[in-house]
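Take a look at the structure set out below.
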Amino acid sequence: MSYYFNKVLKTKNFDEAVDQVSAALKKEGFGVLTEINIKETLKNKINVDFKKYKILGACSPHYAYEALKSEDKIGLFLPCNIIVEEHENNSIEVSAVDPIASMIAVKNESLGSIAFEIQQKLKKVINNLN
């Protein structure tokens, strides 16, 4: 089982891709709680040049609440990370964590349906990007 699903976008503009992903997440009930600019962070912290790469921490308050009621330590897996990265050929790839793969480590059957619903929503986000 893969721990993520992904799509290479038709757009060649990194910032537009980040905006498109954020809008698609919002449409599915997710907010972006965190945005980590890896390129900028690596340059500032260790003076390394790296490709454009952002980690978006997406969360649905409804699903987070349901998951936390079932398993109080599930916060270790929150939020759901989505990455937007630009490759050497200027293509833009978006990848989302598969929450089912994450939840396998947690021995709590009540999380299964929540993870499945989140997985379906994140797959819809990824599949609807262009």
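The values are calculated or read from the model by the stated rules, or taken from the named source; none is laboratory data. All figures in this text were calculated on a predicted structure; none of them were measured in a lab. Heads up, the Cβs are rebuilt from the backbone with ideal geometry, glycines too, and the neighbour counts pull from every protein chain shown.
Could you please give the count of residues in segment 72-130 that are modelled with pLDDT under 90 and on the phi > 0 side of the Ramachandran plot?
0
Does segment 102-113 hold any residues that are surrounded by 20 or more Cβ atoms within 10 Å (Cβ to Cβ) and closer than 17 Å to residue 4 by Cα, and which are they?
Taking segment 102-113 and keeping what is surrounded by 20 or more Cβ atoms within 10 Å (Cβ to Cβ), we get 102-103, 111.
Residues satisfying the conditions are 102, 103.
Does segment 53-68 contain at least one residue that is more than 18 Å from residue 6 (Cα to Cα) and of a type in the set (Asp, Glu)?
Within segment 53-68, one or more residues are more than 18 Å from residue 6 (Cα to Cα) and of a type in the set (Asp, Glu).
With the checklist (1) outside any loop (DSSP other than H, G, I, E, B); (2) touching an Asp or Glu at 6+ places or on another chain (Cβ under 7 Å); (3) more than 24 Å from residue 35 (Cβ to Cβ) in hand, flag the one item residue 106 doesn't pass.
Only one criterion is unmet by residue 106, namely (1).
Yes or no: segment 12-24 includes at least one residue that is assigned to a helix (DSSP H, G or I), in contact with a helix residue (DSSP H, G or I) (Cβ under 9 Å, 6 or more places away or on another chain) and either more than 16 Å from residue 126 (Cα to Cα) or in contact (Cβ under 8 Å) with a residue 60 or more places away in the chain (or both). Show your work before the answer.
Filtering segment 12-24 for residues assigned to a helix (DSSP H, G or I) gives 14-24.
Narrowing the set further to residues that are in contact with a helix residue (DSSP H, G or I) (Cβ under 9 Å, 6 or more places away or on another chain) leaves 21, 24.
This time we only want the ones that are either more than 16 Å from residue 126 (Cα to Cα) or in contact (Cβ under 8 Å) with a residue 60 or more places away in the chain (or both), so: 21, 24.
The answer is yes, given that some residue of segment 12-24 is assigned to a helix (DSSP H, G or I), in contact with a helix residue (DSSP H, G or I) (Cβ under 9 Å, 6 or more places away or on another chain) and either more than 16 Å from residue 126 (Cα to Cα) or in contact (Cβ under 8 Å) with a residue 60 or more places away in the chain (or both).
When segment 25-58 is examined, which residues are found to be free of Cβ contacts under 8 Å to residues at least 40 places away in the same chain and aromatic (Phe, Trp, Tyr)?
Residues satisfying the conditions are 50, 53.
Residue 50 fails exactly one of the following numbered conditions: (1) over 25 Å from residue 91 (Cα atoms); (2) surrounded by fewer than 16 Cβ atoms within 10 Å (Cβ to Cβ). What is the number of that condition?
Exception for residue 50: condition (1).
Taking the conditions exactly as written (of a type in the set (D, E, K, R) and assigned to a helix (DSSP H, G or I)), does residue 45 satisfy them or not?
Working: of a type in the set (D, E, K, R): yes; assigned to a helix (DSSP H, G or I): yes.
Here the answer is yes, as residue 45 does meet what is asked.
Of the numbered conditions (1) under 19 Å from residue 3 (Cα atoms); (2) part of a helix (DSSP H, G or I); (3) free of Cβ contacts under 8 Å to residues at least 60 places away in the same chain, residue 122 satisfies every one except a single condition; which is it?
(3)
Restricting to segment 1-11, name every residue that is out of contact with any helix residue (DSSP H, G or I) (no Cβ under 6 Å at 6 or more places or on another chain), in a loop (DSSP other than H, G, I, E, B) and either of a type in the set (Ser, Thr, Tyr) or under 16 Å from residue 99 (Cα atoms) (or both).
2
How many residues does segment 71-101 contain that are outside any strand (DSSP E or B) and either of a type in the set (A, V, I, L, M) or closer than 13 Å to residue 5 by Cα (or both)?
Number of matching residues: 7.
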